[in-house]
Amino acid sequence: MTTQYPTPAAVLTAVQHTCPTPGNPYEEALWHTRLAETCETLAADARSIARSAINTIETNGITHPDYTIIRPVKTISRVNLDKLKTLFPRIAEKLTHIRACDAEKLIGRTELCHLTEEIAGDRILPYLRINISDLAKELSPAELPAYLITTQKPLDPCIIRREDTHVLV
């Protein structure tokens, strides 16, 4: 017996057989939104079940004449900095850098800001930021809103039933 594996088309057909796609465009949009959410949950669950099954196979030494487990790898390259410094010191000097996130880890956000200000002067001004959570630790909840600039970013439209509009803020 040959195992039939699910394809997107087969799954959609099966779902539509049980829960037909509505003809009303509002209901259709809502139906597909809910289908997408369900598929995301199912995908995460399926990956977890697959990992668990592979773990069971490996832990219990289960073999099968038609299957094997392979462990694919992704090749990641990085420069051998010590070797490059030895053979091509000028190239190494020219190209060596540190990622901003690593510099922040090593010397701290505030010190990095001060060093950047020393080097860049006023050019730093458009890039200066304060985390809201950090400011919230310094100001009272009543004081905080006065120092926030709030804007709205449009998100993808969604369909809701009119009776559910009370849930909107």
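The values are calculated or read from the model by the stated rules, or taken from the named source; none is laboratory data. Since this is a predicted model, take the numbers as computed values, not measurements. All Cβ positions, even for glycine, are placed from backbone atoms using ideal geometry, and neighbour counts span all protein chains on display. All accessible areas refer to the heavy atoms of the entire protein, side chains included, with ligands and DNA or RNA removed. Shrake-Rupley method; radii C 1.70, N 1.55, O 1.52, S 1.80 Å.
In region 89-114, the residues that are under 20 Å from Leu128 (Cβ atoms) form Cβ pairs under 8 Å with partners that are part of a helix (DSSP H, G or I) and among the charged types (D, E, K, R), at six or more places apart or across chains, as follows: Leu112/Glu104. The set of residues in region 64-76 being surrounded by fewer than 10 Cβ atoms within 10 Å (Cβ to Cβ) and either of a type in the set (A, V, I, L, M) or over 30 Å from the mean Cα position of the chain (by Cα) (or both) consists of His64, Pro65, Asp66, Tyr67, Thr68, Ile70, Val73, Ile76. Does Pro126 fit the bill of being open to solvent by less than 100 Å² (accessible area, probe 1.4 Å) and out of contact with any Leu (no Cβ under 8 Å at 6 or more places or on another chain)? Yes, satisfied. Within region 153-164, residues that are under 16 Å from Pro22 (Cβ atoms) have Cβ atoms under 8 Å from residues that are modelled with pLDDT under 80 in these pairs: Ile160/Val167; Ile160/Leu168, counting only partners at least 6 apart in sequence or on another chain.
Would region 129-143 turn up any residue that is out of contact with any helix residue (DSSP H, G or I) (no Cβ under 7 Å at 6 or more places or on another chain), of a type in the set (A, V, I, L, M, F, W, C), surrounded by fewer than 11 Cβ atoms within 10 Å (Cβ to Cβ) and closer than 30 Å to Glu28 by Cβ? No, every residue in region 129-143 fails to be out of contact with any helix residue (DSSP H, G or I) (no Cβ under 7 Å at 6 or more places or on another chain), of a type in the set (A, V, I, L, M, F, W, C), surrounded by fewer than 11 Cβ atoms within 10 Å (Cβ to Cβ) and closer than 30 Å to Glu28 by Cβ. Restricting attention to region 14-26, the residues that are of a type outside the set (A, V, I, L, M), touching a residue at least 12 places away in the same chain (Cβ under 8 Å) and assigned to a helix (DSSP H, G or I) add up to 1.
Would it be correct to say that Val79 is over 30 Å from Pro157 (Cα atoms), loosely packed, with under 10 Cβ neighbours inside 10 Å and of a type in the set (Val, Ile, Thr)?
On the way: over 30 Å from Pro157 (Cα atoms): yes; loosely packed, with under 10 Cβ neighbours inside 10 Å: no; of a type in the set (Val, Ile, Thr): yes.
When the stated conditions are applied, Val79 does not pass them.
Going by the structure shown, is Gly61 closer than 30 Å to Ala50 by Cα and open to solvent by less than 100 Å² (accessible area, probe 1.4 Å)? Against the criterion (closer than 30 Å to Ala50 by Cα and open to solvent by less than 100 Å² (accessible area, probe 1.4 Å)), Gly61 qualifies.
From Val79, Val11, grab the single residue that is over 30 Å from Arg161 (Cα atoms), out of contact with any Asp or Glu (no Cβ under 9 Å at 6 or more places or on another chain) and either in contact (Cβ under 8 Å) with a residue 60 or more places away in the chain or of a type in the set (A, V, I, L, M) (or both).
Details: Val11 fails: over 30 Å from Arg161 (Cα atoms).
Criteria check complete, one pass: Val79.
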